């Protein structure tokens, strides 16, 4: 097994209170879990990939959600406590899935990755749809259960169930 840690949308607009789509107080619990996951992955020499929302000002997604993560704004930047390392990869995305319209798949395949381990937000949106596409592309998926969250607790719980029961993702706890 060759695994990559994929950190989903841990940017100011989601993580920080006052951010355009702040995920809420659960972020304070998730950030330290992801810090531990980053330490674990780097110590194991796993590829670390950051997916970051990066929207244009007239993005169609703003018909459903308020404007957020505008390219070039502080809201679209990864929070400093989860800063990428020199060998980490940043993949900007414009849709829910980290695979849609990005080079994530080829990046993982070039590194012979067959398993992705997901942490970040939102469980019921970007984590879920990235996991679904990963499974459709043949990757095994692990989801760090204590390292994902959403602004909607019920949707978060439903997504965890969907990830496990429908997509076959393995729910794991941070070590």
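The values are calculated or read from the model by the stated rules, or taken from the named source; none is laboratory data. Please read all numbers here as calculations on a predicted model, not as lab measurements. Reconstructed Cβ throughout: ideal geometry from the backbone, glycine too, with neighbour counts over all protein chains shown.
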Problem - Breaking point among (1) touching a strand residue (DSSP E or B) at 6+ places or on another chain (Cβ under 6 Å); (2) over 22 Å from residue 18 (Cα atoms); (3) modelled with pLDDT under 95, for residue 70 - result: (2)
Practice task
Test residue 159 against the stated conditions and say whether it is free of Cβ contacts under 8 Å to residues at least 40 places away in the same chain, under 13 Å from the mean Cα position of the chain (by Cα) and not in a strand (DSSP E or B).
Solution key: no
Practice task
Please determine, by comparing only the residues of the stretch 114-156 that are in a loop (DSSP other than H, G, I, E, B) and within 15 Å of residue 7 (Cα to Cα), which one is farthest from the chain's Cα centre (by Cα).
Solution key: 150
Handout entry: Filter result for the condition that a residue is in contact with a strand residue (DSSP E or B) (Cβ under 7 Å, 6 or more places away or on another chain) and surrounded by fewer than 16 Cβ atoms within 10 Å (Cβ to Cβ), over 42, 3
Key = 42
Completion exercise
Of the candidates 149, 123, the one satisfying the condition of being free of Cβ contacts under 8 Å to residues at least 60 places away in the same chain and crowded, with 17+ Cβ neighbours inside 10 Å is 123
Exercise for the section: Could you look through the stretch 91-113, keep only residues that are over 15 Å from the mean Cα position of the chain (by Cα), in a loop (DSSP other than H, G, I, E, B) and touching a residue at least 24 places away in the same chain (Cβ under 8 Å), and pick out the one that is nearest to residue 133 (Cα to Cα)? Expected result: 113
Exercise for the section: Please identify the pairs in which a residue from the stretch 40-52 that is farther than 30 Å from residue 70 by Cα has its Cβ atom under 7 Å from the Cβ atom of a residue that is surrounded by fewer than 22 Cβ atoms within 10 Å (Cβ to Cβ) and modelled with pLDDT under 95, counting only partners at least 6 apart or on another chain. Expected result: 40/175
